[in-house]
Every structure is written in structure tokens, then in C-alpha cells.
1. Ordered by residue, what ³J(HN,Hα) values in Hz, to whole numbers, does the stretch 47-61 give under the Karplus form 6.51 cos²θ - 1.76 cosθ + 1.60, where θ = phi - 60° and Gly and Pro are x?
2. Which FRET efficiency value, to the nearest 0.05, is calculated for residue 69 and residue 26 with the Förster distance at 30 angstrom and r the Cβ-Cβ distance?
3. Work out how much length residue 89 to residue 62 would gain on full extension: take 0.36 nm times their residue separation and subtract the Cα-Cα distance, in nm to one decimal.
4. Could you tally the net charge around residue 67, taking each other residue with its Cβ under 15 Å from the Cβ of residue 67, Lys/Arg +1 and Asp/Glu -1?
Amino acid sequence: MRKTTLIGVALTVALFSASALACDAMGPGTHMGQLMSVDPANNSFTIRDAQSGGPITFNADADILKALKAHTGSLTVDYEESDAGNKAVGVSF
């Protein structure tokens, strides 16, 4: 019983560590996370970042927002930084 618990704890730590490093491993201009909200009025959406656990908001065009309305769960966002904020240039599920 104790050995099984120890193995379970080790697997949990390993999986958490892998997702925590996900964004850094993907390179610059890419974030991975859980979709939290879509705000068509402000042409934006927010994810919970897989690495930091914090929210990140992206500006997006109507095509990206339309695709996100029907989506729940994990996604990868390719973006460009500008003075106006993070502009999503692509998303993948």
C-alpha cells in the first residue's frame, strides 16, 4: 500500500512538472493553457497559463473568437506582442 502511494505521488509530481514547463519549452510567442473566457465585445479572450497558473488575455480577430466560442479545455495560442497588448495570430486545440 505504501509503495503504491509513493508511486502515485511521484507520477503526480512528474506530470505537474512537465505541464509547468510547457510554455517555456514551446518557445517565444506561444502560450498554452485552459480557456477561461471569451469577450466578443472587447475582441479578446483569456486563458489560465499552464506554466504560471495566472490569467493571460489576448486580443483576437472575429475568426479566432468564433472558433473559441465552441471550445472548452486546453489550447495553444501563437501571439505577437505590441503596445496594445498580446495579439493572437493563431490558436490550436
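1. Once rounded to whole Hz, the list reads 10, 9, 4, 5, 7, 8, x, x, x, 10, 9, 10, 7, 8, 7.
2. Values: r = 24 Å, r/R0 = 0.81.
Step by step, r from the Cβ atoms, then E = 0.80.
3. On the way: separation 27, 0.36 × 27 = 9.72 nm, distance 1.14 nm.
So the chain would gain 8.6 nm between residue 89 and residue 62.
4. Summing Lys/Arg as +1 and Asp/Glu as -1 gives -2.
Read the figures in this text as sums done on the coordinates, not as results from a lab. Note that the structure is predicted; figures quoted are calculated from it, not measured. We place every Cβ from the backbone using ideal geometry, glycine too, and count neighbours over all the protein chains shown.
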